[in-house]
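J.: So that we are looking at the same thing, I have put the structure below in structure tokens.
The values are calculated or read from the model by the stated rules, or taken from the named source; none is laboratory data. Treat the numbers as computed from the prediction; the structure is a model and nothing was measured. Positions of Cβ are generated from backbone atoms using ideal geometry, with glycine treated the same way; all protein chains shown enter the neighbour counts. What goes into the accessible areas is simple: the full protein's heavy atoms, side chains included, and nothing from ligands, DNA or RNA. Shrake-Rupley method; radii C 1.70, N 1.55, O 1.52, S 1.80 Å.
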Amino acid sequence: MLYKNILETIKINHYLKNIIIFIPLLLSSDYNKPSIIFISFITFIAFCFISSSVYIFNDLIDINSDIKHPIKRNRPIAGKKITEKSAVFLFLIFLIFSITISYFINIRCLILICSYFILNIFYSLFLKKIAFVDIICIAIGFILRIEAGYISINQAKSITLILLIFFTSLFVTSIKRKLEFMLSKQTGFYRESIQKLAYDRIEKLIDINLYLVLIFYFLLMFQLKNIYAYITLFPFLLIMLRLKNITNNVTNNDDPMFFIINDNIIKYLFVFYVIFLFLYVYTK
């Protein structure tokens, strides 16, 4: 049971977010070079470790409020399944490992890892309490991930891809705020950043970000000029619409990752997406 509590504490299921680090590799001409693949993988590990340290820090900071939360009170730290002392130890281990790994990649990657960590410390302490600023911070975190993907393999950046990642993050985070809002209506336990938000405003934010995501995705596919790249637009669009649809009127969970990981339709769509993505890689 201890290892399960540790995996839940470091939020290993959220490592899926760091896969975007591999996107610059897939779009580069060096995608089949073992040394470049290895560096991208190590960068992925570094971000997984730093994100785990951030998750632990956030749970330690929020322990008193999490105890009162209908869902978060079941987290290992809030539920006393892992002691605070053990959590601090895990926090330091993952932080040190991440910084050490990024140092050996290159200095710019180390700076990005440290920037991500500092941003999330400020986020955990007070930025997450400010409406709209909180979701912008999360989106910046994803930009830092994609930047690390570029920097680690010394590839030129695509502004279109960076904006696509930014608005996709805003879209998913806005859905998370909607889920929190719906859950809060049932429990009366409101996150500070959504206390003064209206439900229709959150819905509008979701729709606006979805439109922007599709615009920048199409622009990126247009730049790639490959039939398989164009085809990926369809499963990608369906995944976005499916996530938006299945999270309507949900009142028992506030984590979009839960629906992404557990919804079978999204899984099938993701498989099709990956198939056409690799067809693009091998035919470009």
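J.: Keeping all protein chains in position, work out how much accessible area Ile260 exposes to a 1.4 Å probe, and write it in Å² to the nearest 10.
T.: Only protein atoms counted, so the area is about 40 Å².
J.: Say each of Glu84 and Ile111 gets a label point 7 Å from the Cα, pointing the same way as Cα to Cβ; how far apart are those two points in nm?
T.: 3.7
J.: Using a 1.4 Å probe on the protein heavy atoms, what percent of the accessible area of region 66-160 belongs to carbon and sulfur?
T.: Carbon and sulfur: 71 percent of the exposed surface of region 66-160.
J.: Once you have the Cα-Cα distance between Phe272 and Ile162, take 0.36 nm times their residue separation minus that, and quote the gain in nm to one decimal.
T.: Working it through step by step, the gained length comes to 37.3 nm.
J.: Another one. Under 12 Å from the 7 Å Cα→Cβ point of Leu2, by amide nitrogen: which residues of region 42-86?
T.: The answer is 82-83, 86.
J.: Based on the Cβ-Cβ distance from Phe234 to Glu203, what FRET efficiency comes out when R0 is 25 Å, to the nearest 0.05? Spell out each step's value before the answer.
T.: Values: r = 24 Å, r/R0 = 0.97.
For Phe234 and Glu203, the calculated efficiency is 0.55.
J.: Okay, next question. Determine the alpha carbon to alpha carbon distance for each of Lys128/Lys204; Lys11/Lys176; Lys17/Lys267; Lys176/Lys244; Lys81/Lys178 and list only those over 22 Å.
T.: Listed pairs above 22 Å: Lys81/Lys178.
J.: Protein chains only, probe 1.4 Å: how do Ser115, Ser52 rank by accessible area, largest first?
T.: Ser115, Ser52
J.: Let me know the charge dipole size of region 113-187 about its Cα centre in debye, to the nearest 20, where only the beta-carbon of Lys, Arg (+1) and Asp, Glu (-1) is charged.
T.: Value, rounded to 20: 220 debye.
J.: Along the charge dipole of the chain, pointing to its positive end and built from +1/-1 on Cβ of Lys, Arg, Asp and Glu, which listed residue (Pro24, Leu90, Ser102) has its Cα farthest out?
T.: Checked the options; the winner is Leu90.
J.: Report, in order of residue number, the helices in the chain meeting two criteria: a C-alpha extent of 15 Å or more along the helix axis, and a mean Kyte-Doolittle hydropathy of at least 0.5; treat each whole DSSP H run as one helix.
T.: On the way: long enough: 34-61 (40 Å, 1.80); 84-105 (32 Å, 1.91); 107-125 (27 Å, 1.90); 133-152 (28 Å, 1.70); 159-187 (41 Å, 1.02); 199-224 (38 Å, 1.13); 233-246 (20 Å, 1.57); 264-283 (29 Å, 1.77).
Correct list, ordered by number: 34-61, 84-105, 107-125, 133-152, 159-187, 199-224, 233-246, 264-283.
J.: Rounded to a whole number, what is D in µm²/s for region 1-111 from Stokes-Einstein with the Kirkwood radius over alpha-carbon pairs (10 °C, 1.306 mPa s)?
T.: Calculated translational D: 104 µm²/s.
J.: Which whole number of Å³ per residue matches the convex hull of the alpha-carbon atoms in the chain? Mind dumping the intermediate values first?
T.: Details: hull volume 35.6 nm³, N = 284.
Normalising the Cα hull of the chain by residue number yields 125 Å³.
J.: Of all accessible surface on region 1-65 at a 1.4 Å probe, what whole percent is carbon and sulfur?
T.: Of all accessible area on region 1-65, carbon and sulfur atoms account for 72 percent.
J.: Go ahead and estimate [θ] at 222 nm for the chain from helices alone: -39,500 (n - 2.57) per DSSP H run with n ≥ 4, summed, over the residue count, rounded to 500.
T.: -24500 deg cm²/dmol
J.: Continuing with this model, one more query. Over what distance in Å are the Cα centres of region 220-284 and region 1-80 separated?
T.: If we compute the Cα centre of each part, the gap is 21 Å.
J.: On to the next question. Run the dipole for the chain about the Cα centre, Lys and Arg Cβ at +1, Asp and Glu Cβ at -1, nothing else charged, and hand back the magnitude in debye, nearest 20. Show your work: numbers first, answer last.
T.: Numbers: 29 positive and 16 negative charges, 43 e Å.
Approximately 200 debye in magnitude.
J.: Taking chymotrypsin sites (Phe, Trp or Tyr not before Pro) as candidate sites, keep only those in a DSSP loop with at most 16 other Cβ atoms within 10 Å, then name the longest stretch of the chain containing none of them.
T.: Result for the longest clean stretch: 1-125.
J.: Treating only the Cβ of Lys, Arg, Asp and Glu as charged (+1, +1, -1, -1), what charge dipole size does region 203-268 show about its Cα centre? Round to the nearest 20 debye.
T.: That gives region 203-268 a dipole magnitude of about 280 debye.
J.: Pick out, from Asn249, Asn264, Tyr15, the residue whose Cα sits farthest towards the positive end of the charge dipole of the chain, with +1 on the Cβ of Lys and Arg and -1 on the Cβ of Asp and Glu.
T.: Sorting the options by dipole projection puts first Asn249.
J.: Using the charge dipole of the chain (Lys, Arg: +1 at Cβ; Asp, Glu: -1 at Cβ; taken about the Cα centre), state which of Ile71, Ser124, Phe276 has its Cα farthest towards the positive end.
T.: Most positive-ward Cα: Ile71.
J.: On to the next question. Calculate, for the chain, the solvent-accessible area per residue in square angstrom, rolling a 1.4 angstrom probe over the heavy atoms of the protein chains.
T.: 50
J.: Could I ask something else about it? How far is it, in nm, from the label point at Ser35 to the one at Ile93 when both lie 7 Å from their Cα along the line to the Cβ?
T.: Placing both labels 7 Å beyond Cα along the Cβ direction yields 3.4 nm.
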